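**Student:** Would you mind keeping the following structure in view while I ask a few things?
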Amino acid sequence: MGKESSIIPTQYEALGISPEVLKYAQAIEQNLSERFSAIDETAEYNQLKVLGAMRRKKVSAACFESSSGYGYDDIGRETLEKVYAAVFQTEDALVRPQITCGTQALALALMSNLRPGDELLSPVGKPYDTLEEVIGIRPSRGSLAEYQITYRQVDLLPDGTFDYDAIKNAIHSKTRMVTIQRSKGYQTRPSFSVAQIAELIAFLRKCKDDLIILVDNCYGEFVETEEPSQYGADLIAGSLIKNPGGGLCRCGGYLAGRAEYIAQAAARLTSPGLGKEVGASLGIMREFYQGLFLAPVVTAGALKGAIFAANLYEKLGFPVIPNGSETRHDIIQAVTLGSKERLLAFCEGIQAAAPVDSFVTPEPWDMPGYDSPVIMAAGAFVQGSSIELSADGPLREPYAVYFQGGLTWYHAKFGILMSLQKLYEKNLVPKGLI
Ligand SMILES: *Cc1c(COP(=O)(O)O)cnc(C)c1O
């Protein structure tokens, strides 16, 4: 301890953190040891779960070989899908570099399992922004709406819980599929625990037992010891440049669930008649395995960062969602900074702390689909990877920043310290607190 306390502050100081900021932050960190050990316990459980799946499915060096062309008999691809199915306790899985991102994984699940005349229900309010165009809430080329697939939505109650009466009333003979988003994404509603999702699924089944229930699992993987697929979700979907890719996957998405629905998705992804049998892996398999292997620990680091940030900024008087003491169901942390200057300074700090592009200053820009400029900070090894330390926020009231990721807890911590440092240097923190 004596040795650490003399060496580590020097290192932070050398990287531009003032002793006052460090001292303030260290007091916060000291109070988090119980929560951090609970996170470590979850990580240990999930590490053994992933390791057990890899052992049972006999992952071997041959799994890392590359396939090309049609990709027939790709043992790496086939074994990986078995490993995912084992980890998520599902009948089957589809894990492919050809699934570009989370949005494509979700779109694939929906478009392959719905038919004209069917209706899709979201019982948890508005889905993630990019899904609005998939569904056709915002008119878009190729949307479900173009195929006469209708959509209905039941908003959450004001306290963020499920409106069971309205959900029951919204289900009718055409309701075929239900989509449940686990993480709040960039909304201010709470994220759902696996237990809450389990309760909702049980209720939906009672209303209509042949519904196909999809859970958007983005940002939720490995945050808890169980996954929604263990509680009746027929399909779960996510991105490999978030939690399950462990920071190593350069692209990709996954679906896991019932064999029938995975087969539908595979027929849509490749072609009817070809299904899961094709898809060259082009040498990418090693990182898919290795990323999944590291994912429980990487997710734990990101969670520690989120909790640290919540406590640090909450103590300074900024509203944070989730708050400093709440249980976590995803890795996203929102901090309401209340002014443009603070939002810019926060993102400047995150960027300055990055291993890549630390020397650039993030600038707000007019991103398609947003009604105000957005600032984004990320110095990632993989473009857009949000399991890596990143922050973004729209330049409008209440100037909230959404912060997530960090491949290691130490990097997340340094990024948060640097964000605070920038606010401190610009006199943007309430006087007398640091
Ligand atoms: C990130 C995310 C998506 C979409 O994933 P992309 O990889 O960005 O396409 C969908 N839903 C939620 C909740 C997400 O967090």
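**Student:** Which whole-number percent gives the relative contact order of the stretch 132-205, counting Cα pairs below 8 Å spaced six or more residues apart?
**Tutor:** Dividing the mean separation by the residue count of the stretch 132-205 yields 15 percent.
**Student:** Considering only protein heavy atoms and a probe of 1.4 Å, how much of the accessible area of the stretch 302-408 is carbon and sulfur, as a whole percent?
**Tutor:** 52 percent
**Student:** Out of the trypsin sites (Lys or Arg not before Pro) in the stretch 44-134, which ones are loop residues according to DSSP with at most 13 other C-beta atoms within 10 Å?
**Tutor:** Answer by residue number: K58.
**Student:** Follow-up. If you restrict to DSSP beta bridges whose two residues both lie in the stretch 63-292, what percentage is antiparallel, to the nearest 5?
**Tutor:** That works out to approximately 40 percent antiparallel.
**Student:** What is the sum of charges, Lys and Arg at +1 and Asp and Glu at -1, for the other residues whose Cβ falls under 14 Å from the Cβ of A256?
**Tutor:** So the environment of A256 carries a net charge of -2.
**Student:** Over the stretch 63-292, how many pairs of lysines fall under 12 Å by alpha carbon, counting only those 8 or more apart in sequence or from different chains?
**Tutor:** 4
**Student:** Roughly how many percent of the accessible protein surface of the stretch 63-292 is carbon and sulfur, given a 1.4 Å probe and a whole-percent answer?
**Tutor:** Carbon with sulfur: 50 percent of the solvent-accessible area.
**Student:** I've got another one for you. If you take every residue apart from S183 with its C-beta less than 9 Å away from the C-beta of S183, what net charge results, scoring Lys and Arg +1 and Asp and Glu -1?
**Tutor:** 0
**Student:** A further question follows. Mind running the shape call on the stretch 63-292? Use the C-alpha gyration tensor, a ≥ b ≥ c as the square roots of the eigenvalues: rounded below 1.5 for a/c, prolate if a/b tops b/c, oblate otherwise.
**Tutor:** Verdict is prolate for the stretch 63-292.
**Student:** How much area per residue is accessible in the chain when the probe is 1.4 Å and only protein heavy atoms are counted (Å²)?
**Tutor:** 43 Å²
**Student:** How many angstrom lie between the Cα centre of the stretch 95-138 and the Cα centre of the stretch 235-294?
**Tutor:** Each part's Cα centre sits 16 Å from the other's.
**Student:** What are the ³J(HN,Hα) values, in whole Hz, obtained from phi via the Karplus relation 6.51 cos²θ - 1.76 cosθ + 1.60 with θ = phi - 60°, for each residue of the stretch 172-178 in sequence order, with x given for Gly and Pro?
**Tutor:** Along the stretch 172-178, the couplings run 9, 4, 7, 5, 10, 9, 10 Hz.
**Student:** With label points built 7 Å along Cα→Cβ from the Cα atoms of T188 and S37, find their separation and express it in nm.
**Tutor:** Inter-label distance under the simple model: 3.7 nm.
**Student:** What is the helix-to-structure angle for 2-14, meaning the angle in degrees between its Cα long axis and the longest Cα principal axis of the chain, kept from 0 to 90 and rounded to the nearest 10?
**Tutor:** The angle comes out near 90 degrees.
**Student:** Sticking with this structure for a sec: Under 5 Å between amide H atoms, partner at least 5 residues away or on a different chain: which partners does S191 have, H built in plane at 1.01 Å?
**Tutor:** Answer set, sorted by chain and number: K184.
**Student:** Please compute the modelled spin-label separation between R115 and R396, points set 7 Å along Cα→Cβ, answer in nm with one decimal.
**Tutor:** 4.1 nm
**Student:** While we're here: Within the chain, what is the longest stretch that has no chymotrypsin sites (Phe, Trp or Tyr not before Pro) placed in a DSSP loop and near at most 14 other beta-carbon atoms within 10 Å?
**Tutor:** 187-358
**Student:** Turning to a different aspect of this structure: With every protein chain present, what accessible area does M54 have (1.4 Å probe, heavy atoms only), rounded to the nearest 10 Å²?
**Tutor:** Accessible surface of M54 is approximately 20 Å².
**Student:** While we're looking at this one, here's another question. I want to make sure I understand the PRE zone here: with the label point 7 angstrom from the Cα of S358 toward its beta carbon, which residues in the stretch 406-427 have backbone N atoms less than 18 Å away?
**Tutor:** Residues passing the 18 Å test: 406-423.
**Student:** Quick query: amide H of D92 versus all other amide H atoms, modeled in the peptide plane; which residues come in under 5 Å with a sequence gap of 5 or more or a different chain?
**Tutor:** Amide H neighbours of D92, under 5 Å, 5+ apart: G257, A259.
**Student:** In terms of modelled amide H atoms, which long-range or inter-chain residues lie less than 5 Å from the amide H of L389?
**Tutor:** G406, L407
**Student:** From the phi angles alone, apply the Karplus equation (6.51, -1.76, 1.60; θ = phi - 60°) to the stretch 421-431 and give each ³J(HN,Hα) in whole Hz, x where the residue is Gly or Pro.
**Tutor:** 4, 5, 5, 5, 4, 9, 6, 10, 9, x, 4
**Student:** Please provide three numbers in whole Å: the alpha-carbon extents of the chain along the principal axes, with the largest listed first.
**Tutor:** Each principal axis gives a Cα extent; for the chain these are 64, 51, 38 Å.
**Student:** While we're on this one: Can you give the extra length, in nm with one decimal, that the chain gains between D129 and E78 once fully stretched, where that is 0.36 nm per residue apart less the Cα-Cα distance?
**Tutor:** 15.1 nm
**Student:** Moving on. Got a sec to turn the phi values of the stretch 285-298 into Karplus ³J(HN,Hα) couplings, 6.51 cos²θ - 1.76 cosθ + 1.60 with θ = phi - 60°, whole Hz, x for Gly and Pro?
**Tutor:** For the stretch 285-298, the Karplus curve yields 5, 4, 6, 5, 5, 5, x, 4, 4, 7, 3, x, 6, 5 Hz.
**Student:** Taking Cα pairs under 8 Å and at least six residues apart, what relative contact order does the chain come out at, in percent?
**Tutor:** Relative contact order for the chain comes out at 17 percent.
**Student:** For the stretch 87-210, what does the alpha-carbon gyration tensor say about shape, rounded, prolate or oblate, given a ≥ b ≥ c as the root eigenvalues, a/c under 1.5 as rounded, and a/b over b/c as prolate?
**Tutor:** Taking the square roots of the gyration eigenvalues as a ≥ b ≥ c, the stretch 87-210 is rounded.
**Student:** Given R₀ = 30 Å, FRET efficiency for A62-T161 by Cβ-Cβ distance, to 0.05?
**Tutor:** 0.05
**Student:** Classify the stretch 326-387 from the C-alpha gyration tensor, please: rounded if a/c falls under 1.5, else prolate or oblate depending on whether a/b exceeds b/c.
**Tutor:** The shape class here is rounded.
**Student:** Please determine, in degrees from 0 to 90 and to the nearest 10, the orientation of helix 75-87 with respect to the longest principal axis defined by the Cα atoms of the chain, where the helix direction is its Cα long axis.
**Tutor:** The answer is roughly 70 degrees.
The values are calculated or read from the model by the stated rules, or taken from the named source; none is laboratory data. A quick note: this is a predicted structure, and the numbers were derived from the prediction, not measured. In this analysis, Cβ positions are derived from the backbone assuming ideal geometry, glycine residues included, and neighbour counts consider all displayed protein chains. Note: accessible area is taken over every heavy atom of the protein model, side chains too, but ligands, DNA and RNA are not part of it. Shrake-Rupley method; radii C 1.70, N 1.55, O 1.52, S 1.80 Å.
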